[in-house]
Amino acid sequence: MFKLSEIKELIKLVDQTSLQELEIESEGARLSIRKPDKTDTVVVNSAPVQQTFAPPTNPSAPQPGAQPYIPEPAAAPAAVEKPVAADANLHKIVSPMVGTFYESPSPGAPAFVFKGSQVKEKSIVCIIEAMKLMNEIEAEIKGEIVEVLVENGQLVEYGQPLFLVKPE
């Protein structure tokens, strides 16, 4: 199985080079990283070698071997970044990986942060689930959350802004 740190490095490698696709098979697992034709977004698909894998066409459809709890996808389309003119002095907390954004540690639990929340360096602001691993994302600076840019259960991309923070 691939370690998360190895996957992150491979994503960076593909993103920073002219490679369009990279496929690796190791220890019974296959990792496929592919750049779409007209964007800089990196798409990661992974599955055990014994199974066949096709990217889902409907993200709300249950997948084989999926976790028992699957949150409802956000009804709104993915958040579109607003013009940065007024946000020039704001810090963006971005997703370090491709995965599913969760605002709380479990279904029904209160969100880690919301608009108006005060955060410190190392404060947990959300969880990104990638390959069945729950990765806690921390604030890099001390300040106030002025905007949450994604919805709970939304798929996020590597480098996608998640929060805007007004530094103190």
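The values are calculated or read from the model by the stated rules, or taken from the named source; none is laboratory data. Keep in mind that what you see is a predicted model, and the values were worked out from it rather than measured. Using ideal geometry, Cβ is built from the backbone for each residue, glycine included, and neighbour counts are taken over all protein chains shown.
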Within region 2-27, residues being part of a loop (DSSP other than H, G, I, E, B), surrounded by 11 or more Cβ atoms within 10 Å (Cβ to Cβ) and touching a residue at least 24 places away in the same chain (Cβ under 8 Å) number 1
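How about region 85-110: which of its residues are in contact (Cβ under 8 Å) with a residue 24 or more places away in the chain, in a loop (DSSP other than H, G, I, E, B) and closer than 23 Å to Y158 by Cα? Quick ask: steps written out before the conclusion?
Applying the first criterion (in contact (Cβ under 8 Å) with a residue 24 or more places away in the chain) to region 85-110 yields 87, 89-104, 107.
Filter again for in a loop (DSSP other than H, G, I, E, B), leaving 87, 89-90, 95-98, 103-104, 107.
D87, N89, L90, S95, P96, M97, V98, E103, S104 - these are the residues of region 85-110 that are in contact (Cβ under 8 Å) with a residue 24 or more places away in the chain, in a loop (DSSP other than H, G, I, E, B) and closer than 23 Å to Y158 by Cα.
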Within region 98-108, of all residues that are in contact with an Asp or Glu (Cβ under 9 Å, 6 or more places away or on another chain) and of a type outside the set (S, T, Y), the one surrounded by the fewest Cβ atoms within 10 Å (Cβ to Cβ) is P105
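Suppose we keep only residues that are assigned to a strand (DSSP E or B) and of a type in the set (G, A, S) within region 112-158. Which one would you say is surrounded by the most Cβ atoms within 10 Å (Cβ to Cβ)?
As a first pass, look at region 112-158 and keep what is assigned to a strand (DSSP E or B): 118-119, 124-130, 133-138, 143-148, 155-156.
Next, from what is left, pick out any that are of a type in the set (G, A, S): 130, 143.
Working: A130: 20, G143: 22.
So the residue we want is G143.
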The number of residues in region 75-121 that are at pLDDT below 90 and either within 22 Å of E9 (Cα to Cα) or β-branched (V, I, T) (or both) is 2
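Hey, among E151, E157, E103, E144, which residue is under 20 Å from L4 (Cβ atoms) and not assigned by TED's automatic domain parsing to the domain that holds K35?
Numbers: E151 fails: under 20 Å from L4 (Cβ atoms); E103 fails: under 20 Å from L4 (Cβ atoms); E144 fails: under 20 Å from L4 (Cβ atoms).
Going through E151, E157, E103, E144 in turn, the sole match is E157.
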